[in-house]
Amino acid sequence: MREGLLSELRTHGGAGTGLRPEETMRFSVVVLTMGNRPAELARALRSALDQKDVDVEVVLVGNGVPADWTPGDDAVFADPRVTIVRLPENVGIPAGRNRGVAEATGDIVLFLDDDGWYASDRLGLHLRDRFAADPSLGIVSFRIRDPEGGPGERRHVPRLRAGDPERSSEVTTFLGGACAVRRSAFEAAGGLPEEFFYAHEETDLAWRALDAGYRIFYDAEAVMFHPAVQPTRHAMFYRYNARNRVWLARRNLPWPLALAYCAVWVAMTVLRERRPAALKPWFKGFLEGWRTPAGPRRPISWRTAWRMTRTGRPPII
């Protein structure tokens, strides 16, 4: 068992406190925003602060906002449990969330998109019980529901065979804007890779948390609402998607697995996309991923790779 997990057992074992672990657990909800959705942002914060019978705070990170930026007129923004962090430039999703975690005080950190919201005010209680019962549980990935009643998207179920989104299971990655992360797992993984800016930063953290001895669970009972949107709406999607897949492999996989992972994704992308308008920026990003620094290399163990395979997703896809 790795040191991070041993530390977690010591921290939350309740020794010398006379309290059960769930009675001392604090939650921090990190919300990243560019300041252009005040109504949706207020709804997101309210759903976090309305959680019943748990100690919760919100860290609101304005990513690329002026020094005098205010999130809006809604009274929820003045709640003393809300801390506002203003970043003068858009540093990207992983760096923005890292800044939020740095300001947070919770044992469990939730990442919430500014246009999403929690379906139940008892989500915190559910998570408290899950994390307290299993110190090896590092990350919980939530089920995302379309508020318009749509069927939901396959990519929102983080396993190869998505199947029924209402079926919970152990997984090897998670949804970045719909999750809860044990702080010690976040720290053991080294936080989110800021170089990525956007795309696959969650998988980088997930693989490193798995290698530190933690588990990741897709929990269909932990529900949040989020409008149905496509990631391809972002102009840089194809480039960053490809570049960051290469960086992900270079940073985290033994070289035989890294090369297999990249080869598999080249084949899958060509078969799926076929359109020059998509393939040209994708291959540009793929080459960029090999030519530019990927950050510190810390390959997972072969034991972790085998564990991921047994979970249902070998680290070549």
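Out of contact with any Phe, Trp or Tyr (no Cβ under 6 Å at 6 or more places or on another chain), aliphatic (A, V, I, L, M) and modelled with pLDDT of 95 or more: does that describe V223? Full working, then the answer.
Working: out of contact with any Phe, Trp or Tyr (no Cβ under 6 Å at 6 or more places or on another chain): yes; aliphatic (A, V, I, L, M): yes; modelled with pLDDT of 95 or more: yes.
Taking the combined requirement at face value, the residue satisfies it.
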**Report entry** Unmet requirement for E3, which otherwise passes all of (1) of a type outside the set (A, V, I, L, M, F, W, C); (2) farther than 23 Å from D129 by Cβ; (3) modelled with pLDDT of 85 or more
**Finding:** (3)
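Out of the residues in the range 140-171 that are in a strand (DSSP E or B) and hydroxyl-bearing (S, T, Y), which is farthest from the chain's Cα centre (by Cα)?
Per the criteria, the residue is S169.
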Query raised in the report: Which one is surrounded by the fewest Cβ atoms within 10 Å (Cβ to Cβ) among residues in the range 204-222 that are among the aromatic types (F, W, Y) and in contact with a Leu (Cβ under 7 Å, 6 or more places away or on another chain)?
Result: F217
Query raised in the report: Can you spot a residue in the range 71-82 that is surrounded by fewer than 20 Cβ atoms within 10 Å (Cβ to Cβ), part of a strand (DSSP E or B) and in the same structural domain as F196 (by TED's automatic domain parsing)?
Result: yes
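Looking only at residues that are out of contact with any strand residue (DSSP E or B) (no Cβ under 7 Å at 6 or more places or on another chain) and assigned to a helix (DSSP H, G or I) in the range 181-202, which one is nearest to D164 (Cα to Cα)? Write out each step before concluding.
Of all residues in the range 181-202, those out of contact with any strand residue (DSSP E or B) (no Cβ under 7 Å at 6 or more places or on another chain) come to 184, 187-202.
Pick out the ones that are also assigned to a helix (DSSP H, G or I) and you get 184, 187-188, 194-196, 201-202.
Numbers: S184: 31, E187: 32, A188: 32, E194: 33, E195: 34, F196: 31, E201: 25, E202: 22 Å.
Only one residue fits best here, namely E202.
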**Report entry** Among residues of the range 131-165, those that are buried (at least 17 other Cβ atoms within 10 Å of the Cβ), in contact with a Pro (Cβ under 9 Å, 6 or more places away or on another chain), of a type outside the set (A, V, I, L, M, F, W, C) and under 17 Å from R313 (Cβ atoms), counted
**Finding:** 3
Query - The one condition in (1) surrounded by fewer than 19 Cβ atoms within 10 Å (Cβ to Cβ); (2) among the hydrophobic types (A, V, I, L, M, F, W, C); (3) in a helix (DSSP H, G or I); (4) at pLDDT 95 or above that F286 fails to fulfil - result: (1)
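Mind checking whether some residue in the range 205-215 is of a type outside the set (A, V, I, L, M, F, W, C) and touching a strand residue (DSSP E or B) at 6+ places or on another chain (Cβ under 7 Å)? Write out each step before concluding.
Within the range 205-215, the subset of a type outside the set (A, V, I, L, M, F, W, C) is 208, 211, 213-215.
Within this subset, residues satisfying the condition of being touching a strand residue (DSSP E or B) at 6+ places or on another chain (Cβ under 7 Å) are 214-215.
The answer is yes, given that some residue of the range 205-215 is of a type outside the set (A, V, I, L, M, F, W, C) and touching a strand residue (DSSP E or B) at 6+ places or on another chain (Cβ under 7 Å).
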Query raised in the report: Quick check: is even one residue across the range 149-170 in contact (Cβ under 8 Å) with a residue 12 or more places away in the chain, among the polar types (S, T, N, Q) and touching a Leu at 6+ places or on another chain (Cβ under 9 Å)?
Result: no
Report task. Could you identify the single residue in L257, L271, L205 that is touching a helix residue (DSSP H, G or I) at 6+ places or on another chain (Cβ under 9 Å), in a helix (DSSP H, G or I), over 20 Å from S136 (Cβ atoms) and not basic (K, R)? Result -> L257
Query raised in the report: Of the residues that sit in the range 172-198 and are hydrophobic (A, V, I, L, M, F, W, C), more than 10 Å from the chain's Cα centre (by Cα) and farther than 17 Å from P135 by Cα, which one is surrounded by the fewest Cβ atoms within 10 Å (Cβ to Cβ)?
Result: F197
**Report entry** Inter-residue pairs, beta-carbon under 8 Å, first on the phi > 0 side of the Ramachandran plot and in the range 279-300, second aromatic (F, W, Y) and modelled with pLDDT of 95 or more, 6+ apart
**Finding:** G295/W247
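Of all residues in the range 289-317, which are in a helix (DSSP H, G or I) and surrounded by 16 or more Cβ atoms within 10 Å (Cβ to Cβ)? Full working, then the answer.
Initial filter on the range 289-317 (in a helix (DSSP H, G or I)): 289-291, 302-311.
Of everything in the range 289-317, those that are in a helix (DSSP H, G or I) and surrounded by 16 or more Cβ atoms within 10 Å (Cβ to Cβ) turn out to be G289, T304, A305, R307, M308, T311.
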Report summary line: Across (1) charged (D, E, K, R); (2) more than 24 Å from L137 (Cβ to Cβ); (3) assigned to a strand (DSSP E or B), E221 clears everything bar (2)
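The values are calculated or read from the model by the stated rules, or taken from the named source; none is laboratory data. Every value quoted in this text rests on a predicted model; they were computed, and no experiment measured them. For neighbour counting, all protein chains shown are included, and Cβ atoms are generated from backbone atoms with ideal geometry for every residue, glycine included.
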